[in-house]
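A.B. asks: So that we are looking at the same thing, I have put the structure below in C-alpha cells.
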Amino acid sequence: MSWQAYVDSSLVGSGHLDKGAIISVAGDSVWATSAGFTIKPEEMKNIVAILTQSGGAKDKAFADGLHVDGERYVLARAEDRSLYARQGRTGIIAVKTKQAIIVGHHGEAQIAGNATQTTEALADYLIKAGY
C-alpha cells in the first residue's frame, strides 16, 4: 500500500479524521498528505523535537502552543511517542513510529478519542510492519 493510501483510507477514510499526513521521523519530508493539509518545514521540525524531547521543545509547546497547517493548537498531552493538541473542538494527534510520524486532524464533528484511537492503530500497524 502506498503512503498516500494510508492517509486516504486508514486515516481520513475511517471517518474519525478529516485530514492527515505522514512525515519522516527526521521531520525533513512529507510522505503523504490530505489535500489542503500543509505541514510547513518548521512545523515538522517542532513536532519531531517535541516527540524526541529535544531542546526543551515540549515545555515550549506547553507554554506557547503548537502550530500545524498554520493554525495554533494548545498542547494538551505529550507522551513517549505521541502528542495531542486542541484548538476549540478540533485537534491534532501525532504519533511516532520507527521511520515516520503520523499526523491526524479531527474536526468539530468528530470525536477526539476515536481520532486518537485511529491514529494510534495505524502507528501500531506500521511499527509491526517495520516502519
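A.B. asks: Looking at (1) closer than 20 Å to Lys98 by Cβ; (2) surrounded by 18 or more Cβ atoms within 10 Å (Cβ to Cβ); (3) among the hydroxyl-bearing types (Ser, Thr, Tyr), can you tell me which one Ser2 breaks?
C.D. replies: Every listed condition holds for Ser2 apart from (2).
A.B. asks: Looking only at the range 12-44, count every residue that is surrounded by 14 or more Cβ atoms within 10 Å (Cβ to Cβ) and charged (D, E, K, R) and tell me the total.
C.D. replies: 3
A.B. asks: Something else now. Looking at the range 1-53, which of its residues are under 19 Å from Glu71 (Cα atoms), in a strand (DSSP E or B) and in contact (Cβ under 8 Å) with a residue 24 or more places away in the chain?
C.D. replies: Scanning the range 1-53 gives Lys19, Gly20, Ala21, Ile22, Ile23, Thr33.
A.B. asks: Here's a follow-up. Name the residues in the range 104-120 that are in a helix (DSSP H, G or I) and either surrounded by 14 or more Cβ atoms within 10 Å (Cβ to Cβ) or in contact (Cβ under 8 Å) with a residue 24 or more places away in the chain (or both), would you?
C.D. replies: Within the range 104-120, Ala112, Asn114, Ala115, Thr116, Gln117, Thr118, Thr119, Glu120 meet the criteria.
The rows are residues; the columns are (1) of a type in the set (Ser, Thr, Tyr); (2) in contact with a strand residue (DSSP E or B) (Cβ under 8 Å, 6 or more places away or on another chain); (3) within 22 Å of Leu126 (Cα to Cα); (4) modelled with pLDDT of 95 or more.
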{"position": "Met1", "(1), (2), (3), (4)": "no, no, yes, no"}
{"position": "Gly15", "(1), (2), (3), (4)": "no, no, yes, yes"}
{"position": "Val68", "(1), (2), (3), (4)": "no, yes, no, yes"}
{"position": "Glu71", "(1), (2), (3), (4)": "no, yes, no, yes"}
{"position": "Lys96", "(1), (2), (3), (4)": "no, yes, yes, yes"}
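A.B. asks: Okay, next question. Only one residue in Ser9, Ser82 is surrounded by 16 or more Cβ atoms within 10 Å (Cβ to Cβ), within 21 Å of Gln110 (Cβ to Cβ) and not charged (D, E, K, R), so which one is that?
C.D. replies: After ruling out the rest, the residue left standing is Ser82.
The values are calculated or read from the model by the stated rules, or taken from the named source; none is laboratory data. Because the structure is a prediction, the values reported are computed rather than measured. Ideal geometry is used to build each Cβ from the backbone, glycine not excepted, and the neighbour counts take in all protein chains shown.
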